[in-house]
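What follows is a short report on a single structure.
Read-outs throughout are calculated quantities, based only on the coordinates presented, and are distinct from any laboratory measurement. None of these values were measured; they are calculated from a predicted model.
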Amino acid sequence: MNTQSAIMIKLPAVFGAKEASRLGRELKSRMSTETPHVVVDFSRVREMNLEGLEGLLDCMETVARNDGALQLGEMSPEAAIFLELTRMDRLFSKFPVFDAAAGFTAEQELASETEDVASEKVGQPQPVAA
């Protein structure tokens, strides 16, 4: 079985301009020359604003420019509602799907200032639903 790596981005509880800027820097520094596979985990997101949404769009553009795949990981109810209201959930569905269950492993995850960066297995992405 081939094992490829994926970048797990675990978003913080508040996702705004500052966090979006950090997301862009972290993603660009972690992307290798290979086609990037990115899983965005929204499980901790309780607040998100338009600046955070703009940062997420920039992240999507970066992955698309490199012919990568981007999937949603776990989803908090607050994040699901925000993405549905802004119709961002439809944009995520346009990316090619990669088989996370077939052995993709996460290289790192986006950590806030007080958290450690850790490796973990990428689980099956959750559907976007409120």
Next on the checklist: Can I get the semi-axes of region 23-70's equivalent ellipsoid? Compute them from the C-alpha gyration tensor as square roots of 5 times the eigenvalues, in angstrom, largest first.
Outcome noted: 20, 11, 9
Item to check | Table column - 3J(HN,Hα) (Hz), region 52-66, Karplus curve with 6.51, -1.76, 1.60, x for Gly and Pro | outcome: x, 4, 4, x, 5, 4, 4, 4, 4, 5, 4, 5, 5, 4, 9
Checklist entry - Under 5 Å between amide H atoms, partner at least 5 residues away or on a different chain: which partners does Ser76 have, H built in plane at 1.01 Å? => result Phe42, Ser43, Val45
Next on the checklist: Taking amide H atoms as placed 1.01 Å from N in the peptide plane, list the residues 5 or more away in sequence, or in a different chain, whose amide H sits under 5 Å from that of Asn49.
Outcome noted: Phe15
